[in-house]
Amino acid sequence: MSTEKPVRITRRGIERREQIRTIAGALFLEHGYEGVSVDEIMRQAGGSKTNLYNHFGDKEGLFMAVISQMSETFTYGIKDLDVSMLPLKDGLERLGRQLLTVLMEEHHVAFQRLVIAESGRFPAIARTWFEKGPQMARHYFAKAIAPHVENGSLRQGDPRIMATHFHDMIVENLLSLALLGQYVSVEMQRQTIDDALQTLLHGWTVRNDRTGGTL
């Protein structure tokens, strides 16, 4: 039977870990994985490389920790938004605008470029980004859509599929433009969301056969 005691990380240790991860994240975004050395990370963070190895194992482990943390930030703005009391159009519009506000930030565009550049070398980072980024955003969209399917105001269908359609319609083209270095204005974001909602709600909404009105 092992007599080893679990390693306890102190508050100072947690702060040190976050400091290393933050500095490494900025360097990876600017220079890519290969362009950053452990020596440079620790030169900026201070201390010995032992700190990095103790917290993250190696450079690859640190890189994965950076990707995981940054992926979660995509949905920080929408996960706590309560749109349950809003009409569906207004709720999705609010969620969509908040998501695009985050995605179009220069920091996040640089992160997307990093994931694309390094996913061939590290397939796990693409999975991490997808699960914590786009997939989680779709989850929150589906959460907003589901009650309207249940109460009959939307056609019967899978809210997750509806959420995927909405997410992809508002994100894919604008993100592609941003990745190509083009400026994506707030007005472009709003127009894209409005167009997506007009198209999707026209197909989703249950209508009265006699009047054509929404139930």
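The values are calculated or read from the model by the stated rules, or taken from the named source; none is laboratory data. Computed from a predicted model, the values in this text were never measured in an experiment. Ideal geometry is used to build each Cβ from the backbone, glycine not excepted, and the neighbour counts take in all protein chains shown.
For this structure, a couple of remarks:
- Any hit, the range 189-209, residues being closer than 30 Å to G32 by Cα, in the same structural domain as V83 (by TED's automatic domain parsing) and in a helix (DSSP H, G or I): yes
- Considering residues of the range 145-179 that are within 18 Å of G133 (Cα to Cα) and among the β-branched types (V, I, T) only, the residue surrounded by the fewest Cβ atoms within 10 Å (Cβ to Cβ): I161
- Residue within the range 77-96 that is assigned to a loop (DSSP other than H, G, I, E, B), of a type in the set (V, I, T) and assigned by TED's automatic domain parsing to the domain that holds L197 present: yes
- Any hit, the range 9-24, residues being surrounded by 19 or more Cβ atoms within 10 Å (Cβ to Cβ), hydrophobic (A, V, I, L, M, F, W, C) and in contact (Cβ under 8 Å) with a residue 60 or more places away in the chain: no
- Annotation note: Cβ proximity below 8 Å between a residue of the range 142-157 that is in the same structural domain as E93 (by TED's automatic domain parsing) and a residue that is among the polar types (S, T, N, Q) (sequence gap 6+ or interchain) occurs for A144/S84; P147/S84; V149/Q156; S153/T205; S153/T214; L154/T205; R155/T205.
- When the residues of the range 154-185 are filtered to those that are outside any helix (DSSP H, G or I) and of a type in the set (G, A, S), the one that is farthest from E93 (Cα to Cα) is G181.
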